[in-house]
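No lab work stands behind these numbers, since they all come straight from the coordinates. Here the structure is a predicted model, which means the values were calculated and not measured. Don't worry about glycine lacking a Cβ; one is built from the backbone with ideal geometry, like all the others, and counts go over all protein chains shown.
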Amino acid sequence: MIKKIDHIGIAVKSIEQTLPYYTEVLKLQLLAIEEVESEKVKIAFLKIGESKLELLEPIASDSPIRKFIEKRGEGIHHIALGVDSIEERIAELKQKGIRMIQDEPKQGAGGALVAFMHPKSTGGVLYEICEKKG
C-alpha cells in the first residue's frame, strides 16, 4: 500500500529566511520553489536521499499553514506517504475506519494527487497520501 515516505512537510514563516539553514548548513539540494494558489502556500522542495523536505510558507492570511503556525508554531506539519492508485487507497483507508479530510484526491504541489487523513484517526499525526505520475 505505502511505497515510501515521499516527503515531510515543515511549516515556516519565511522560506527566504529558513532556506539557508537547509541549503548551507545541512547542504541539501533545493529542487524547486512553487506556489499552490488553492492552498495559499509557497513551497520549497529539498532533496534528502530518496525523499524530500517540503518547506511550507503561507501566502495569505487565511492559509491553513498560517493558522497552523499561529496555533502550534513553526515545525513539522505533515508526513506524506507515496502510494499508487490514490483513489483505491482512500477507499481502503475509509473502509478501515480512517477519517479523511478529502474524500477525493486534489491537485497538490509538483503535479501530485493528494489527500489528507484526519489526525484524530491517526494518533494525532497529519498524514498525506500522494500519487505522482511518471
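Under the rule that an exposed site lies in a DSSP loop and has at most 10 other Cβ atoms within 10 Å, name the longest stretch of the chain with no trypsin sites (Lys or Arg not before Pro) of that kind, not counting the sites themselves.
28-95
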- Rounded tilt (10° steps) of 86-95 against the dominant C-alpha axis of the chain: 60 degrees
- Message: At a threshold of 8 angstrom on Cα-Cα distance, excluding pairs fewer than six apart, so keeping six or more, what relative contact order does the range 2-131 reach in percent?
- Response: 26 percent
- Set of the range 1-44 residues, backbone N closer than 17 Å to the point 7 Å along the Cα-Cβ line of Thr122: 1-11
- Query: How big is the charge dipole of the chain about its Cα centre, in debye rounded to the nearest 20, if each Lys and Arg gets +1 on its Cβ and each Asp and Glu gets -1 on its Cβ?
  - Reply: 400 debye
- Query: Here are several values of Rg and Dmax of the Cα atoms in Å: (i) 16.7, 56; (ii) 13.2, 37; (iii) 14.6, 45. Which one was derived from the coordinates shown?
  - Reply: (iii)
- Message: With the cut-off at 21 Å, tell me which of the pairs Lys13/Lys40; Lys40/Lys94; Lys3/Lys94; Lys3/Lys133; Lys94/Lys120; Lys42/Lys67 have Cα atoms farther apart than that.
- Response: Lys40/Lys94
